[in-house]
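Engineer: Right, I'll just put the structure down here and ask away after.
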Amino acid sequence: MERFLQYWDDLDDLCGAFALYHERIRRFVLFALYTLCIGSLQLGGVLLAIYKPPLALAAATILLVTLMYRSATSPHTPSILA
C-alpha cells in the first residue's frame with residue numbers, strides 16, 4: 001500500500017509540474033499552429049500563382065478590394081502621436 005501511495009504522490013507531482021508549464025506549452029502550441037497556418041496559406045498562394053495565374057490575380061484583387069473597403073468604412077480612431 002505504501003508503494004501505491006508513493007506512485008500516487010509522484011503522479012500528483014507530475015500533474016502539478018504540468019500545471020506550472022501549462023501557459024508556456026499553450027503559447028508554444030498556438031505559435032506553432034499560427035506559423036503552420038500562415039506558411040500553408042503562403043505556399044498555397046505561391047502554388048496557385050504558378051499553376052493558375054489568372055485565378056491568383058483574381059484572389060489578390062478581391063483581397064485588396066476588401067482591405068480598401070474595410071479601411072474606408074472603419075471608424076477612425078485618433079492616433080496617440082497626433
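The values are calculated or read from the model by the stated rules, or taken from the named source; none is laboratory data. It should be emphasised that the depicted structure is a prediction, and the values quoted were computed from it without experimental measurement. Positions of Cβ are backbone-derived with ideal geometry, glycine not excepted, and every protein chain shown enters the neighbour counts.
Engineer: So Ala60 ticks every box in (1) in a helix (DSSP H, G or I); (2) modelled with pLDDT under 80 but one. Which box is left unticked?
Structural biologist: Tallying (1) in a helix (DSSP H, G or I); (2) modelled with pLDDT under 80, Ala60 fails exactly one: (2).
Engineer: Does Tyr34 satisfy the condition of being surrounded by 10 or more Cβ atoms within 10 Å (Cβ to Cβ), within 23 Å of the chain's Cα centre (by Cα) and at pLDDT below 85?
Structural biologist: no
Engineer: Confirm whether Phe18 is surrounded by 10 or more Cβ atoms within 10 Å (Cβ to Cβ), in contact with a helix residue (DSSP H, G or I) (Cβ under 9 Å, 6 or more places away or on another chain) and in a helix (DSSP H, G or I).
Structural biologist: Yes: the conditions hold for Phe18.
Engineer: Another question, then. Any idea how many residues of the range 63-82 are modelled with pLDDT of 80 or more and assigned to a loop (DSSP other than H, G, I, E, B)?
Structural biologist: Residues that pass the stated criteria total 2.
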